[in-house]
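The values are calculated or read from the model by the stated rules, or taken from the named source; none is laboratory data. The structure presented is a predicted model; accordingly, all values stated were derived computationally and were not measured. For neighbour counting, all protein chains shown are included, and Cβ atoms are generated from backbone atoms with ideal geometry for every residue, glycine included.
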Amino acid sequence: MAYTYASEADILNMALFGKTAAQWRNEKGISGKTPNIRDFASAEELVVLINLEDTNADLIRQGLSNIERLKILREKAYRQLEILRKNKDTIETLKKSLIKDTAKN
């Protein structure tokens with residue numbers, strides 16, 4: 001079970017970050033299991049990661065191989081990050097507006 005989870009986490013990390021957590025730690029010269037690559041992810045990356053986890057579960061149910069899933073997840077990650085980054089200013093404006101509205105009430 002732990003191996004399956006680690007394998008799926010590697011697929012998701014590869015789709016989103018282009019590397020596994022172990023590869024990231026090795027690049028950073030970090031030994032052990034912590035910190036994790038996800039601990040340093042941006043808000044946009046974390047949103048995409050949540051979406052990828054859900055999509056991955058659907059793809060597993062469909063019986064797709066790891067390679068097929070990785071291709072689909074990578075395309076989805078790239079597309080979603082691009083959209084979120086293009087709309088970052090709009091998202092920030094909406095956040096500020098919501099904060100102002102909440103403060104008034």
The correct count of residues that are surrounded by 11 or more Cβ atoms within 10 Å (Cβ to Cβ) and either assigned to a helix (DSSP H, G or I) or not β-branched (Val, Ile, Thr) (or both) in segment 30-49 is 13
Every listed condition ((1) in a helix (DSSP H, G or I); (2) at pLDDT 85 or above; (3) surrounded by 11 or more Cβ atoms within 10 Å (Cβ to Cβ)) holds for GLU27 save (3)
Residue count for segment 1-24, restricted to those that are modelled with pLDDT of 90 or more and either exposed (fewer than 13 other Cβ atoms within 10 Å of the Cβ) or among the hydroxyl-bearing types (Ser, Thr, Tyr) (or both): 2
Anything in segment 58-79 that is farther than 18 Å from GLY18 by Cα and under 14 Å from the mean Cα position of the chain (by Cα)? List them, or say none. none
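Here is a yes/no grid of residues against (1) in contact with a Leu (Cβ under 8 Å, 6 or more places away or on another chain); (2) farther than 28 Å from ILE91 by Cβ; (3) among the aliphatic types (A, V, I, L, M):
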residue	(1), (2), (3)
LEU16	yes, no, yes
TRP24	no, no, no
ASN36	no, no, no
LEU49	yes, no, yes
ASN56	yes, no, no
ILE60	no, yes, yes
If I ask for residues that are surrounded by fewer than 14 Cβ atoms within 10 Å (Cβ to Cβ) and part of a helix (DSSP H, G or I), which ones from segment 79-90 would you list? ARG79, GLU82, ILE83, ARG85, LYS86, LYS88, ASP89, THR90
